[in-house]
Amino acid sequence: MKNDAWLERWEVGRTGWHEPGGNRNLQRHWEWSGKRVLVPLCGKTPDLLWLEQAGNDVVGVELSGIAVREFFAENGIEYELLSGGLPHYRAIDRRISIYCGDYFEFEAEPFDAHYDRGGLVALSPELRTRYARHTSSLLEQEARQFVITVEYDQAVCDGPPYSIGANEMLGHWPRLRRHASVDDTANAPPKFLEAGLELMHEVVWRTD
Ligand SMILES: C[S@@+](CC[C@H](N)C(=O)[O-])C[C@H]1O[C@@H](n2cnc3c(N)ncnc32)[C@H](O)[C@@H]1O
């Protein structure tokens, strides 16, 4: 999907990927605090709040201003808007920032942790390689990484979200390990179920 298509999704409210209660695998398997966490393609996920409450500084990057403003409004968080580089929405009295714009233009001091749910899997194969390289350029060498993917038979239906296998994941980030996998068929997009998909897994890839 091109940037305009994502922006349109936010304009018309077609955001079926959004998890109002946050991601259960994040809540079950994230073990780090005191980190500065990069969250690319963050949408308005409550995972930003969860990561902050787990003791981290959280920095999201999101294309859509609607998503960013809804995140702050729906969670009752005041922010200030700073300019210079991508527009920077910085929470007042909270350790959460969101930069609004194209992730591939985002620059910052290196982060020591990376969280992705719904980001990598949203991108076409060519863009995923670019995403992985750009993300690596924003991370310290020993940064913690926590990336959630989905796995299903892409012969039955096509992404997004795209199915991403182990070879590709380890090609992007060789330090990752397949940490957990749960049957997530019940939460598959309706278009997948209508196409006859019978099994989809949500997979957690993590560094140690
Ligand atoms: C499938 S959604 C996932 C959002 C969030 N991670 C979540 O779990 O709810 C993908 C998000 O990436 C954003 N996005 C797509 N391309 C982007 C880009 N190049 N730069 C920044 N954000 C982008 C979209 O606007 C959308 O909010």
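The values are calculated or read from the model by the stated rules, or taken from the named source; none is laboratory data. These figures come from a predicted structure and were not determined experimentally. So basically every Cβ, Gly included, is an ideal-geometry build from the backbone, and we count neighbours across all protein chains shown.
At a glance:
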quantity	calculated
Wholly within segment 79-155, strands (runs of 3 or more DSSP E) carrying at least 1 residues that are of a type in the set (D, E, K, R)	79-82, 88-91, 111-117, 139-151
Selection from segment 1-57 of residues that are of a type in the set (A, V, I, L, M, F, W, C), in a helix (DSSP H, G or I), under 17 Å from the mean Cα position of the chain (by Cα) and more than 10 Å from the ligand (Cβ to nearest atom)	Leu49, Trp50, Leu51
Ser83 over 22 Å from Trp6 (Cβ atoms) and of a type in the set (Ser, Thr, Tyr)	yes
Near pairs, Cβ below 6 angstrom, 6+ apart or cross-chain, from segment 162-180 (within 18 Å of Ala143 (Cβ to Cβ)) to any residue that is surrounded by 14 or more Cβ atoms within 10 Å (Cβ to Cβ) and β-branched (Val, Ile, Thr)	Arg175/Thr207; His179/Val204
Per-region count, segment 94-107, residues under 13 Å from Leu82 (Cβ atoms) and either modelled with pLDDT under 95 or of a type in the set (A, V, I, L, M, F, W, C) (or both)	2
Tyr162 vs. criteria within 22 Å of Cys42 (Cα to Cα) and modelled with pLDDT of 95 or more	yes
One residue from Glu109, Glu126, Glu80 being among the acidic types (Asp, Glu), out of contact with any helix residue (DSSP H, G or I) (no Cβ under 7 Å at 6 or more places or on another chain) and within 15 Å of the ligand (Cβ to nearest atom)	Glu126
Filtered residue count, segment 50-67, keeping only those that are under 21 Å from Gly21 (Cα atoms) and surrounded by fewer than 20 Cβ atoms within 10 Å (Cβ to Cβ)	7
Among residues of segment 92-105, those that are in contact (Cβ under 8 Å) with a residue 60 or more places away in the chain and surrounded by 14 or more Cβ atoms within 10 Å (Cβ to Cβ), counted	1
Out of Ala113, Ala108, sole residue that is among the small types (Gly, Ala, Ser) and surrounded by fewer than 20 Cβ atoms within 10 Å (Cβ to Cβ)	Ala108
Some residue of segment 68-91 being crowded, with 22+ Cβ neighbours inside 10 Å, at pLDDT 95 or above and among the hydrophobic types (A, V, I, L, M, F, W, C)	yes
